[in-house]
Amino acid sequence: ALRRPDTMVNASVSAMQDMFKIFTGASDVAPDRADKRFKDPIWISNPAYKGLMEAYLTWSRGMNDWVDTLDLSNRDKLRAKLLTSMVTDTLAPTNSLLGNPAAMKETLDTGGKNLVAGARNFIADMVDNNGLPAMVDKSKFEVGGNLALSKGKVVLRNDELELIQYAPTTDKVYARPIFIVPPQINKFYIWDLAPGRSIVEYLTGLGHQVFLVSWRNPQAKHADWKLETYINALDEASQAACEISKSRDLNLVGACSGGITAALLLAYWARNKITRAGSFTLLVAVLETDATKNTTMGLFANLETLELARTFSRSKGILKGQDLQKAFAWLRPNDLIWAYWANNYLLGKEPPAFDILYWNADTTNLPAAFHEELLNLMEQGGMQADSTWPINGNEVQLGDVTCDKFIVGGTTDHITPWQGCYLSKHSFGGDNEFVLSQSGHIQALINPPGNPRAVYMTNRGDHATPEEFLADATKHEGTWWTYWAEWLAERGGKQVAAPKTLGSKKHKAGVDAPGTYVHESA
């Protein structure tokens with residue numbers, strides 16, 4: 001900017017011209033339809049608020065246009081836009097009392113009681129919520145009380161995980177069990193959220209035997225846990241699931257970082273001729289990180305920031321879940337920070353009671369060594385078909401994994417963009433199918449039947465890029481769960497009598513689901 005002062009002059013002149021249009025009532029500036037900040041009709045009906053909105057939008061868009069004129073690489077330009085958008089979002093009029101008509105009305109109606117309540121909420125969040133506005137009323141939920149209610153038993157516990165076997169709900173079950181690997185970043189019960197919104201409930205209702213991993217919440221003493229540590233723990237747990245179900249193999253399911261771990265486990269099995277995988281379902285996980293380098297998540301993945309992140313987690317032994325949550329929130333500040341700022345502090349209202357938001361706030365830590373290896377994997381460009389990664393002295397690669405695979409991405413996923421998820425189709429060997437759900441990162445998982453707005457897309461033809469997939473994709477009304485259920489049924493094996501008890505002589509049933517590790521705090 002200093003080398004090209006003319007760009008700032010031109011941007012300033014353009015902004016002044018737009019401001020003149022606002023003052024004369026000739027401006028046609030309007031918010032995007034998806035921008036919830038200016039939904040209140042007062043922003044249109046009141047001339048003062050209308051002018052304030054138009055001036056703010058003119059300035060924020062002018063900042064974005066000014067960055068476009070700078071002599072920067074495309075990647076640096078995107079990074080600059082991300083930073084300037086954080087500034088402009090922070091300075092939006094809706095984040096202040098006088099600039100928020102709904103908050104002003106609430107103040108007049110209640111005689112300022114909303115501001116007193118907002119001050120209490122602010123102090124509570126500074127003390128108990130890592131300095132962020134609370135997204136959820138945590139008092140309304142309890143794991144094992146109104147969340148994670150499916151019946152089951154812990155049938156294996158080691159230092160890293162508890163393995164939960166869920167009770168069958170049908171007389172007959174598929175012989176090949178489903179083995180679910182959740183992300184290490186959050187707790188497992190997103191898979192068993194609540195009745196009617198539980199993947200475990202859905203699968204057991206279809207006659208599947210379900211085993212689900214519950215990761216331990218690591219502390220500083222577990223700083224040396226790495227990918228290999230988690231893979232070895234999964235290897236032990238999968239053997240237990242096969243022994244209990246009397247099946248030589250299983251249908252593996254993994255999501256996000258759990259999907260990365262499960263994929264490397266499969267590669268390790270392939271390298272050592274272990275035939276324990278009947279199929280693999282990979283949900284909202286990016287294995288080839290080069291594909292996401294220009295996305296919001298990937299813009300700051302350069303040498304300096306990655307080394308800073310490594311140093312940070314090394315110094316503490318863990319990367320705290322709250323710190324990771326804060327980083328994710330600042331990637332979408334309007335939705336994940338400022339909307340709650342206005343609700344909690346300016347309006348003085350309690351945050352909503354929503355189970356997914358409660359789960360999202362129930363954070364877990366990452367061990368320093370595991371965090372560092374994830375960063376190393378990102379630096380390497382992820383795992384492509386011929387890339388290698390060391391596991392127990394073996395150089396493993398995804399191209400050796402030939403079991404059938406079902407891969408899912410979400411159209412609005414800002415954490416694992418669907419284009420990156422799609423490329424996993426070409427990272428593996430064997431028969432691989434990609435399905436695109438019209439949803440975000442979490443909504444792609446929690447997508448039960450009955451949602452009238454649910455849509456997904458399939459394309460079994462030949463395609464090598466996300467664009468080619470989309471061009472000829474078939475659109476389906478409803479949830480991809482039903483499509484997945486058909487796919488799993490074809491790979492579930494024969495139907496056998498449901499077990500009358502859980503566990504086995506070797507792996508005895510222990511405490512009730514949801515187990516003990518899920519209750520360990522960050």
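The values are calculated or read from the model by the stated rules, or taken from the named source; none is laboratory data. As the structure is a prediction and not an experimental result, all values here were calculated from the model. Neighbour counts run over all protein chains shown; Cβ positions are idealised from the backbone, glycine included. Accessible surface is based on the protein model in full, side chains and every heavy atom, while ligands, DNA and RNA are left aside. Shrake-Rupley method; radii C 1.70, N 1.55, O 1.52, S 1.80 Å.
Some points to look at:
- Inter-residue pairs, beta-carbon under 9 Å, first over 17 Å from residue 285 (Cβ atoms) and in contact (Cβ under 8 Å) with a residue 60 or more places away in the chain and in the range 371-390, second in a loop (DSSP other than H, G, I, E, B) and basic (Lys, Arg), 6+ apart: 372/226
- Flag for residue 48 being out of contact with any helix residue (DSSP H, G or I) (no Cβ under 7 Å at 6 or more places or on another chain) and hydrophobic (A, V, I, L, M, F, W, C): yes
- The sole residue among 15, 55, 34 that is modelled with pLDDT under 90 and either in contact with a Leu (Cβ under 7 Å, 6 or more places away or on another chain) or surrounded by 14 or more Cβ atoms within 10 Å (Cβ to Cβ) (or both) is 15.
- Where strands (runs of 3 or more DSSP E) fall entirely within the range 123-238, those with at least 3 residues that are within 30 Å of residue 331 (Cβ to Cβ) and open to solvent by less than 40 Å² (accessible area, probe 1.4 Å) are at 210-215.
- Residue 323 falls short on exactly one of the conditions (1) open to solvent by 30 Å² or more (accessible area, probe 1.4 Å); (2) closer than 26 Å to residue 196 by Cα; (3) of a type in the set (Asp, Glu), and that condition is (2).
- Filter result for residue 409 (in contact with a Cys (Cβ under 7 Å, 6 or more places away or on another chain) and open to solvent by 10 Å² or more (accessible area, probe 1.4 Å)): no
- In the range 194-212, the residues that are over 20 Å from residue 496 (Cβ atoms) form Cβ pairs under 7 Å with partners that are part of a helix (DSSP H, G or I) and of a type in the set (A, V, I, L, M), at six or more places apart or across chains, as follows: 212/200.
- Lone qualifier among 474, 479 - being among the hydroxyl-bearing types (Ser, Thr, Tyr) and open to solvent by 40 Å² or more (accessible area, probe 1.4 Å): 474
- Number of the condition not met by residue 297 [criteria: (1) of a type in the set (A, V, I, L, M, F, W, C); (2) open to solvent by 30 Å² or more (accessible area, probe 1.4 Å); (3) modelled with pLDDT of 90 or more]: (3)
- Positions within the range 58-82 being of a type in the set (A, V, I, L, M), closer than 22 Å to residue 26 by Cα and open to solvent by less than 30 Å² (accessible area, probe 1.4 Å), in sequence order: none
- Looking across the range 417-439, the residues that are open to solvent by less than 10 Å² (accessible area, probe 1.4 Å) and either out of contact with any Phe, Trp or Tyr (no Cβ under 9 Å at 6 or more places or on another chain) or aliphatic (A, V, I, L, M) (or both) come down to 420, 427, 435, 436.
- A residue that is modelled with pLDDT of 95 or more, more than 24 Å from residue 415 (Cα to Cα), open to solvent by 10 Å² or more (accessible area, probe 1.4 Å) and touching a Pro at 6+ places or on another chain (Cβ under 8 Å) occurs nowhere in the range 270-286.
- Qualifying helices (runs of 4 or more DSSP H) (wholly inside the range 1-77; at least 1 residues being under 25 Å from residue 337 (Cα atoms)): 42-45, 47-69
- Looking across the range 453-467, the residues that are crowded, with 16+ Cβ neighbours inside 10 Å, in a loop (DSSP other than H, G, I, E, B) and over 19 Å from the mean Cα position of the chain (by Cα) come down to 459, 463.
- Taken as a whole, the structure places residue 392 among residues that are open to solvent by 40 Å² or more (accessible area, probe 1.4 Å) and of a type in the set (S, T, N, Q).
- In summary, helices (runs of 4 or more DSSP H) completely within the range 335-452 and bearing 1 or more residues that are small (Gly, Ala, Ser) and either modelled with pLDDT of 95 or more or closer than 29 Å to residue 121 by Cα (or both) occur at 355-361.
- For beta carbons closer than 9 Å, sequence separation of 6+ or different chains, a first residue in the range 240-251 that is under 18 Å from residue 162 (Cα atoms) and free of Cβ contacts under 8 Å to residues at least 60 places away in the same chain and a second that is open to solvent by less than 20 Å² (accessible area, probe 1.4 Å) and small (Gly, Ala, Ser), there are no qualifying pairs.
- Note on the range 352-375: among residues that are surrounded by fewer than 21 Cβ atoms within 10 Å (Cβ to Cβ) and more than 24 Å from residue 260 (Cβ to Cβ), the one that is nearest to the chain's Cα centre (by Cα) is 357.
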